Amino acid sequence: MTYQHGVNGYELPTSIAPPVVTTAGLTVVFGTAPIHLLDEPEKAVNRAEMAYTYSEAVKKMGYSADFDKYTVCEAISSHFALFAVSPLVMINVLDPEKHAVAVSETVNITKGEGILQADGVLKAKVVLKNGSNPIDKKDYELEFDDEGKLHIYTSNDGDVTVEFERLDPSLVTAADIVGGVSLDGSYKGIELVNTVFPRFREVPGILIAPKFSTNPLVAAVLKAKSKNINGLFQAKAFVDVPTSEVRDYTAVPEYKNMNNLDDPNMEVFWPKCSLGGIQYHKSTQAASLFNLIDAQNEGYPYHEASNNNLQMDAAVLEDGTEILLGLEQANYLNGQGIVTSLNFIGGWKLWGHRTSCYPGNTDPKDTFISVRRVFIYEMNQFILSYWQKVDKPGNRKLIDNVVDSKNIDLNGKAARQFILGGRIEFLREENPLTALIDGTYAFHLFITPATPAREIKGLFEFDPKYFETLFA
C-alpha cells in the first residue's frame, strides 16, 4: 500500500437499498402470429419478443385482422390501438416446420402482375411453373400487400401454376401452446415465460392466451406457471370461458368449477367483447385495461380495473349473439369469482373484482384482484431488491439494511395512499438458531392494501326534528 499523507476521500455503499421498480402488468401473450409476412419467419417461432410500439410489434410478429387465425394480433390491437399501453411480450408457436400444408393455385398474370388468393403463404416455398416447367426465380418477384395477399410480378402474362406451402393455424394444438422443455434445453410455448426476465429484465405480470385459454389444459398450465416463473416470481393468469360451449350466464360457474378454474393468481372472464363487429376475448382487453389503470397510478397495482371502460359496443358469444347482462346477473357472476362486463352507468365497463378462488376462499389477500396484485408485486419487488444481499455476511448490518430500506419504501407507499400501511420486521421467533446456522434469514412483512369499496351504502332516515324549521 502506498504511503498516505494528507486528507483523502473514500466512497462507501449506501446503507439504504433503493427498491427495484417492477412492471406489475407486463403482459405476455402466447398464440399464433402471421409470421409468413416476415423476411425470416423461422426466427419468430417459440421466441419471446418485446415491443413498445405498434409498428415494432408488427415488425416482429406481422399483423392480420383475422384474430381467430392469428391470436397474437388480437393482443397487439388491444394493447397498442385500443388502449395505447406498452410494452407487450409476444410468443408465437405457429411453426412453418409443423403447421404448414403444401398446395397449388392457378394465378392469372395481367400486365405483369398477379395475386395469390391463399393466406399464410411462405415466400421461400413458392415455385412458379408454366405448365410443368419451373420459372426461374430471377424472372419474378414476390411481395405482400397490406392485407397479407402475395403479389407476383413477372413478364410472363397468362395463367401460371403456383406451388407453395402456407401456414395453417388450425393445426396448432393446446399442446403447442403448453410447450415444454426440449432435450436440447430450449423452451417452447408457455415455458418461454422463463426467458422473459433473463432477456428483458422485466418480470411478467399478466399471462394470456387468447382463444387457447378456453382449453382447460392451457388454462391449467397458465395457472401453474403464474405461481412459479423462474422458480421465484409470480404473475396473474387471465383465462376465458368458451362462449361457443357456455352460452348462458348461469352455466358459467359450473364450467369454472368443473374445470378447476380457481386460484388466487387466476382471473376468469365471460363473455367476449365486440367493437364494430370485431371480437376480442375479454381476457385480452382486461390485460390492456389493467396496464392502463396501473399507468395512471404510478405503476402500482393497488387500483381495481373493475368499473373502468372497455373498448366495446357489445358483449357477444362466439357466433355473434349479443349478451346483455343486468346488474343482478353480472353481480351473480362476480359472486362466483367470474369477471364480466356491464353496460349500466358510463358505458361498457369491466365488472368484477374477485379472483377465481372466490367464494371457496375468502381470505382478502387472495380474493380481491387488486389486493392479490399488490401482494404479488411486493413479493416480486422484495426478491429483485434484495437479491444483491444473497451470500453477504448475515450480520446486523445486513439485517438493518433490509429492515430500514423496506420500511422507508412501505412508508412512502402508505403516504401516497397506495397501501393503508406496512412494515417489515426481523423476529426472533421466526429465526431459530438452527436456521441462522444454516444461513436462512426470515423477514416478516406486514402489508395492508385497501380493499375495493365493492358496496357503498347510504343510510336514509326520516328525522322529525326538522319540523322545527317551520317555526323558526
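Select from region 280-318 the residues that are in contact with a His (Cβ under 6 Å, 6 or more places away or on another chain) and charged (D, E, K, R) and list them in ascending order. Quick ask: steps written out before the conclusion?
Looking only at region 280-318, we keep the residues that are in contact with a His (Cβ under 6 Å, 6 or more places away or on another chain), and these are 288, 293, 297, 304, 306.
Glu304, the sole residue that qualifies.
May I ask you to verify whether Lys59 is assigned by TED's automatic domain parsing to the domain that holds Asp157, in a helix (DSSP H, G or I) and either touching a helix residue (DSSP H, G or I) at 6+ places or on another chain (Cβ under 9 Å) or surrounded by fewer than 21 Cβ atoms within 10 Å (Cβ to Cβ) (or both)?
no
Would region 208-218 turn up any residue that is in the same structural domain as Val316 (by TED's automatic domain parsing) and either in a strand (DSSP E or B) or out of contact with any helix residue (DSSP H, G or I) (no Cβ under 9 Å at 6 or more places or on another chain) (or both)? Spell out the reasoning first.
Let us first name the residues in region 208-218 that are in the same structural domain as Val316 (by TED's automatic domain parsing), namely 208-218.
Retained after the next criterion (residues that are either in a strand (DSSP E or B) or out of contact with any helix residue (DSSP H, G or I) (no Cβ under 9 Å at 6 or more places or on another chain) (or both)): 208, 214.
Yes, there is a match, as at least one residue in region 208-218 is in the same structural domain as Val316 (by TED's automatic domain parsing) and either in a strand (DSSP E or B) or out of contact with any helix residue (DSSP H, G or I) (no Cβ under 9 Å at 6 or more places or on another chain) (or both).
Considering region 429-450 alone, what residues qualify as being charged (D, E, K, R) and over 21 Å from Asp404 (Cα atoms)?
Residues of region 429-450 charged (D, E, K, R): 429-430, 438.
Listed by number, the list holds a single entry, Asp438.
Quick check on region 101-108. Is at least one of its residues more than 27 Å from Tyr54 (Cα to Cα), of a type in the set (Ser, Thr, Tyr) and touching a strand residue (DSSP E or B) at 6+ places or on another chain (Cβ under 9 Å)?
The first filter runs over region 101-108 and keeps only residues more than 27 Å from Tyr54 (Cα to Cα), leaving 101-108.
Then keep just the ones that are of a type in the set (Ser, Thr, Tyr); that gives 104, 106.
Going one step further and asking which of them are touching a strand residue (DSSP E or B) at 6+ places or on another chain (Cβ under 9 Å), we end up with 104, 106.
The answer is yes; a qualifying residue exists.
Scan region 158-186 for residues that are buried (at least 18 other Cβ atoms within 10 Å of the Cβ), touching a strand residue (DSSP E or B) at 6+ places or on another chain (Cβ under 8 Å) and either over 19 Å from Ile35 (Cα atoms) or free of Cβ contacts under 8 Å to residues at least 24 places away in the same chain (or both) and jot them down.
Matches in region 158-186: Val160, Val162.
Identify all residues within region 313-336 that are in contact (Cβ under 8 Å) with a residue 60 or more places away in the chain and surrounded by fewer than 17 Cβ atoms within 10 Å (Cβ to Cβ); write none if there are none.
Asp319, Thr321, Gln329 - these are the residues of region 313-336 that are in contact (Cβ under 8 Å) with a residue 60 or more places away in the chain and surrounded by fewer than 17 Cβ atoms within 10 Å (Cβ to Cβ).
So, in region 123-149, of the ones that are among the small types (Gly, Ala, Ser) and over 23 Å from Pro96 (Cα atoms), which residue ends up surrounded by the fewest Cβ atoms within 10 Å (Cβ to Cβ)?
The first filter runs over region 123-149 and keeps only residues among the small types (Gly, Ala, Ser), leaving 124, 131-132, 148.
Within this subset, residues satisfying the condition of being over 23 Å from Pro96 (Cα atoms) are 131-132.
On the way: Gly131: 8, Ser132: 6.
My answer is Ser132.
Looking for whichever is more than 25 Å from the chain's Cα centre (by Cα), of a type in the set (A, V, I, L, M, F, W, C) and over 30 Å from Ile437 (Cβ atoms) here; the options are Leu350, Leu325, Leu410. Which one fits? Explain how you work it out, then say what you get.
Working: Leu350 fails: more than 25 Å from the chain's Cα centre (by Cα); Leu410 fails: over 30 Å from Ile437 (Cβ atoms).
Just one listed residue meets the conditions, Leu325.
Residues in region 413-421: is at least one buried (at least 18 other Cβ atoms within 10 Å of the Cβ) and either under 30 Å from Gln311 (Cα atoms) or in the same structural domain as Leu232 (by TED's automatic domain parsing) (or both)?
Restricting attention to region 413-421, the residues satisfying the condition of being buried (at least 18 other Cβ atoms within 10 Å of the Cβ) are 413, 418-419.
With the extra rule that they be either under 30 Å from Gln311 (Cα atoms) or in the same structural domain as Leu232 (by TED's automatic domain parsing) (or both), the set shrinks to 418-419.
Yes - at least one qualifying residue is present in region 413-421.
In region 290-307, what count of residues is obtained for those that are on the phi < 0 side of the Ramachandran plot and touching a strand residue (DSSP E or B) at 6+ places or on another chain (Cβ under 6 Å)?
Keep residues of region 290-307 that are on the phi < 0 side of the Ramachandran plot, which gives 290-297, 300-306.
From what's left, touching a strand residue (DSSP E or B) at 6+ places or on another chain (Cβ under 6 Å): 305-306.
Residues flagged as on the phi < 0 side of the Ramachandran plot and touching a strand residue (DSSP E or B) at 6+ places or on another chain (Cβ under 6 Å) within region 290-307 amount to 2.
Among the residues of region 88-109, is there at least one that is of a type in the set (A, V, I, L, M, F, W, C) and assigned to a helix (DSSP H, G or I)?
No: zero hits.
Given (1) within 24 Å of Arg373 (Cα to Cα); (2) of a type outside the set (A, V, I, L, M, F, W, C); (3) not in a loop (DSSP other than H, G, I, E, B), identify the lone condition not met by Gln417.
(3)
Considering only residues of region 337-380 that are buried (at least 19 other Cβ atoms within 10 Å of the Cβ) and among the polar types (S, T, N, Q), which is nearest to Pro204 (Cα to Cα)?
Among residues in region 337-380 that are buried (at least 19 other Cβ atoms within 10 Å of the Cβ) and among the polar types (S, T, N, Q), the one nearest to Pro204 (Cα to Cα) is Asn380.
Would you check which residues across region 328-347 are of a type in the set (A, V, I, L, M, F, W, C), part of a loop (DSSP other than H, G, I, E, B) and within 20 Å of the chain's Cα centre (by Cα) and list them?
Restricting attention to region 328-347, the residues satisfying the condition of being of a type in the set (A, V, I, L, M, F, W, C) are 330, 333, 338-339, 342, 344-345.
Going one step further and asking which of them are part of a loop (DSSP other than H, G, I, E, B), we end up with 338, 344-345.
Passing the criteria: only Ile338.
Considering region 130-165 alone, what residues qualify as being touching an Asp or Glu at 6+ places or on another chain (Cβ under 7 Å), part of a strand (DSSP E or B) and not aliphatic (A, V, I, L, M)?
The answer is His151, Tyr153, Thr154.
The values are calculated or read from the model by the stated rules, or taken from the named source; none is laboratory data. This one's a predicted model, so the numbers in the text were calculated from it and none came from an experiment. Here the Cβ is made from the backbone with ideal geometry for all residues, glycine too, and neighbour counts use every protein chain on show.
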